[in-house]
Amino acid sequence: MECIVINGGRRLEGEVSVSGAKNAAVAIIPAAIAANDICVIENLPYIEDVDGLTKAMSQIGAICTLRDDHTLEIDSRNINHCCATYDSVRKIRASYYLLGVLLGRFGRAEVPLPGGCNFGVRPIDQHIKGLTAMGAKVNIEHGIIKARADRLVGTNVYLDVVSVGATINIMLAAIYAEGVTVIENAAKEPHVVDTANFLNILGAKVKGAGTDVIRVTGVSALHGGTYTIIPDQIEAGTYMVAAAITGGDVTVHNIIPKHMESVISKLGEMNCRISTGADFVRVRGNDNLTSVNVKTMPYPGFPTDLQPQMTALLCKAKGTGILTETVWENRFQYINELKRLGANIKVDGRTAVVSGEAGLTGALVNATDLRAGAALVVAALAAKGETVIGNVRYIDRGYERIENKLGSLGADIQRVDRLV
Ligand code: EPU
């Protein structure tokens with residue numbers, strides 16, 4: 001069992017480069033199935049979710065060749081069945097994208113209900129609503145989502161909640177549908193736009209991604225292509241918060257500053273000095289951070305996937321900060337682990353009240369999910385003494401060798417084999 005061991009209290013300083021975006025990669029990899037051809041995906045993050053998804057793709061007949069330059073070649077010419085196995089998809093939320101893309105190309109898909117981080121009920125009713133409206137018959141039997149359609153026909157789909165997954169899944173199913181599919185109240189996240197851009201370079205007709213109305217006009221064929229994944233907004237935000245909590249001076253490279261606006265604005269309000277260039281952001285923390293209130297929202301609001309890291313940062317700031325989680329019903333499970341490090345936080349439903357200047361100290365803790373793990377890493381960087389973080393496999397789902405990147409900034413951090 002691997003752990004991350006951090007001796008906190010060191011100021012982070014220097015430059016770090018962000019990998020390709022996890023949530024774009026896990027949509028673009030299955031999207032490649034839409035083309036009966038070869039696609040090359042560049043700037044691929046080497047993370048567990050990508051690894052798992054690549055295995056699920058291979059299992060249905062896609063030939064996936066991972067190169068050592070963060071490039072993945074996907075040959076989808078020999079897909080030989082439309083049923084993903086439970087073992088290949090059970091840990092990955094994004095396995096639900098296989099549903100839309102296989103249904104769209106072959107008229108048939110069977111995918112076990114998706115896994116992923118557990119922060120309450122994670123329904124897929126909006127995915128099913130969209131596919132059904134396009135003419136598919138969708139049933140869930142023995143834990144497997146089964147979808148069939150002789151032909152899919154474009155229609156208007158209004159999403160009752162803003163859902164990244166449902167937006168992308170409906171977009172994937174609509175590529176070959178007859179006529180125009182209009183997705184209203186669509187998610188606007190950068191990874192939705194990235195997936196649309198990828199599909200368009202293959203010959204799809206997707207318009208409006210990045211706004212709340214997306215129009216997909218069905219085409220008869222896609223061809224292969226080469227595409228570079230956007231930088232990971234959440235990984236970048238995590239290193240920005242790490243710089244702030246250690247009073248450091250860190251330049252985060254390979255980012256799109258526009259994607260970071262909500263984080264830049266909150267860190268600025270907290271008294272950090274921030275400067276940006278074409279593809280970098282520099283964060284300078286200090287000993288005088290002040291608390292802020294944060295409410296998570298779909299993009300361009302403050303991302304729920306940075307909420308746990310922000311909670312860790314508020315533990316260090318002066319005053320009281322209130323965090324309101326509006327996206328997930330149960331995304332405060334990690335707070336009990338933060339309390340082991342000395343955090344003073346009260347949770348009431350979807351609100352967490354964080355009392356600052358907590359005087360964090362090292363302890364044995366366990367990651368309860370991916371971003372929870374990131375929050376524990378961030379807190380441990382500022383805690384006095386040694387913190388041992390277990391369940392590192394969660395962190396590896398979304399961060400490429402986090403210990404190497406933080407180590408290069410001066411953190412005392414190691415990955416070790418040790419039982420917690
Ligand atoms: N929802 C429904 N019905 C649906 C789908 C979603 O009610 O059919 C609700 C959810 O319960 C939630 C809200 O809509 O309250 C948003 O869910 P969404 O579908 O947008 O989430 P997702 O697609 O399952 C992606 C990311 C998550 C990220 C959320 C929100 C991927 C693979 N995952 O999940 O990322 O938190 O969007 O931005 O893209 C992470 O990276 O740590 C992570 C959890």
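Nothing in this text is a laboratory measurement; each read-out follows from the coordinates by a stated rule. Nothing here was measured: the structure is a model prediction, and the numbers come from that model. As a convention, Cβ positions derive from the backbone with ideal geometry for all residues, glycine included, and neighbour counts pool all protein chains shown.
Adding -39500 (n - 2.57) for every DSSP H run of four residues or longer, then dividing by how many residues the chain holds, sets the calculated 222 nm ellipticity at -9000 deg cm²/dmol. DSSP beta bridges confined to the chain are antiparallel in about 70 percent of cases.
When the square roots of the Cα gyration tensor eigenvalues are ordered a ≥ b ≥ c, the ratio a/c for segment 277-420 is under 1.5, which makes its shape rounded. If a/c stays under 1.5 just call it rounded; otherwise compare a/b with b/c (prolate if a/b is bigger, oblate if not). Do that for segment 121-204, with a ≥ b ≥ c from the square roots of the Cα gyration tensor eigenvalues. Oblate shape, in that a/c is at least 1.5 and b/c is the bigger or equal ratio. Of all beta bridges DSSP finds with both residues in segment 116-192, what is the antiparallel percent, to the nearest 5? Taking every DSSP beta bridge with both residues in segment 116-192, the antiparallel ones total about 55 percent. Over 27 Å between C-alpha atoms is what I'm after, so list which of Lys188/Lys318; Lys318/Lys339; Lys91/Lys405; Lys91/Lys146; Lys188/Lys295; Lys207/Lys405 land there. Long pairs (Cα-Cα over 27 Å): Lys188/Lys318; Lys207/Lys405. Here the Karplus curve 6.51 cos²θ - 1.76 cosθ + 1.60, taken at θ = phi - 60°, turns the phi angles of segment 389-396 into couplings of 9, x, 6, 4, 4, 5, 5, 5 Hz, with x standing for Gly and Pro. Dipole size of the chain about its Cα centre, with +1 on Lys/Arg Cβ and -1 on Asp/Glu Cβ: approximately 620 debye, rounded to the nearest 20. Counting other Cβ atoms within 10 Å as a rough exposure proxy, the listed residues His142, His223 run His142, His223 from fewest neighbours to most.
Shown for Asp51, Asp396: other C-beta atoms within 10 Å of each C-beta, ranked fewest to most, produce the order Asp51, Asp396.
Cα centroids of segment 169-203 and segment 301-356: 34 Å apart.
As a length-normalised measure over Cα pairs under 8 Å and 6 or more apart, the relative contact order of the chain settles at 21 percent.
Remark on Thr226: its backbone amide H falls under 5 Å from those of Val40, a criterion applied only to residues 5 or more positions apart or on other chains, H modelled at 1.01 Å from N.
The spacing between segment 225-245 and segment 380-401, judged by their C-alpha centroids, is 17 Å.
By the rule of a C-alpha distance below 18 Å, with chain neighbours fewer than 8 residues away ignored, the aspartates and glutamates paired with Lys316 are Asp249, Glu269, Asp287, Glu337, Glu357, Glu386. Give the relative contact order (percent, whole number) for segment 272-420; include only Cα pairs under 8 Å separated by 6+ residues. Relative contact order of segment 272-420: 18 percent. Multiplying the residue separation of Asn286 and Thr211 by 0.36 nm and subtracting their alpha-carbon distance yields 23.3 nm.
Rounded to the nearest 20, the Cβ-based charge dipole of segment 157-273 about its Cα centre (Lys and Arg +1, Asp and Glu -1) stands at 260 debye. Per residue, the average separation of C-alpha pairs within less than 8 Å and at least 6 apart gives segment 320-376 a relative contact order of 38 percent.
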